[in-house]
């Protein structure tokens, strides 16, 4: 029986994350975790002779969330620009999983048209020695620039 080789497991801390905002590339060194999801929109379709419904995809919705250390004002500035002037910012995020100890190589994905949903504008917490914040976002497109190799079994 084949089982997953531990060499194929990717260390989640090994990688890079960058944002391209207004043509400028910013290292997102403050990211603690980021997750990007695509969910299909589906219609429920009833058919004659069947009591259950079938489902047909009719589009998709891209969402994401990230938890970051509270140490950059960049996103507060972007939100303030929208609040004061109505100018919204869309940007790209590139995530690379690059664990040198894995035998499956790396994966690079670019999320395009990222738009933040909400931002904490100011924060204090007497019980915390490291402030962080959660950010939810939507996006319009995605590209896989590099893919993992084959998973190894033992």
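Starting with the highest mean, order 66-73, 92-99 by the number of other Cβ atoms within 10 Å, averaged over the residues of each peptide.
Numbers: 66-73: 15.0, 92-99: 18.6.
Descending mean neighbour count gives 92-99, 66-73.
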Value of [θ]222 nm, deg cm²/dmol, for the chain, DSSP H segments ≥ 4, -39500 (n - 2.57) each, nearest 500: -2500 deg cm²/dmol
In a solvent-free Debye calculation with one equal scatterer on each Cα, what is log10 I(q)/I(0) for the chain at q = 0.21 Å⁻¹, listed in the order of the q values? -1.32
Classify region 1-73 from the C-alpha gyration tensor, please: rounded if a/c falls under 1.5, else prolate or oblate depending on whether a/b exceeds b/c. oblate
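Throughout, read-outs are computed from the coordinates displayed, never taken from laboratory work. Predicted model only: the values in this text are computed from it and were never measured. Reconstructed Cβ throughout: ideal geometry from the backbone, glycine too, with neighbour counts over all protein chains shown.
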